[in-house]
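Asks: Okay, handing you the structure first.
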Amino acid sequence: MRGGSLLKSKVKPDSETTGYAKDFKPIDYPKPDGVLTFDLLTNLSRSGTNHEANQPAHLRIKPGQEETAKEYSNKLYGGPE
């Protein structure tokens with residue numbers, strides 16, 4: 001059978017493939033039309049995701065690293081993570 005299996009493919013870690021925000025054009029998404037595309041909250045409610053309202057975030061910035069995330073990651077990569 002031709003083609004590769006996902007189990008056999010060589011996948012690089014995100015850290016090797018993430019580029020700088022300045023090297024990418026922002027994506028200009030059209031406004032949701034309510035027929036084919038929907039707003040974020042509607043999509044989330046239809047996804048079946050079930051979390052408690054007060055559930056803590058899954059991704060956390062280590063104590064003492066808040067400024068690194070804000071001053072380094074956000075500026076270079078366009079996100080605090």
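Every number in this text was worked out from the coordinates using simple rules, so none of it is lab data. Note that the coordinates shown come from a computational prediction; the quantities given were computed from them, not determined experimentally. FYI the Cβ positions are ideal-geometry reconstructions off the backbone, even for glycines, and counts take in every protein chain you see.
Asks: Under a plain spin-label model, where a point goes 7 Å from the Cα along Cα-to-Cβ, how far apart in nm are D28 and Y77?
Replies: About 2.8 nm, to one decimal.
Asks: For the chain, what is the convex hull (Cα atoms) projected area averaged across all directions, in square nanometres? Mind dumping the intermediate values first?
Replies: Numbers: hull surface 40.2 nm².
With every direction weighted equally, the projected area is 10.1 nm².
Asks: Can you tell me the dipole magnitude for the chain around its Cα centre, using point charges on the Cβ only (Lys, Arg +1; Asp, Glu -1), in Debye to the nearest 20? The partial results should precede the final answer.
Replies: Numbers: 12 positive and 11 negative charges, 92 e Å.
Roughly 440 debye, rounded to the nearest 20.
Asks: While we're here: If you only keep lysine pairs separated by 8 or more in sequence, or across chains, how many in the chain come under 27 Å at the Cα atoms?
Replies: The number of close lysine pairs in the chain is 14.
Asks: So if R0 is 30 Å, what FRET efficiency would A21 and N43 give, r being the distance between their Cβ atoms, rounded to the nearest 0.05? Provide the component values of the computation, followed by the final result.
Replies: Working: r = 24 Å, r/R0 = 0.80.
In this case the efficiency is close to 0.80.
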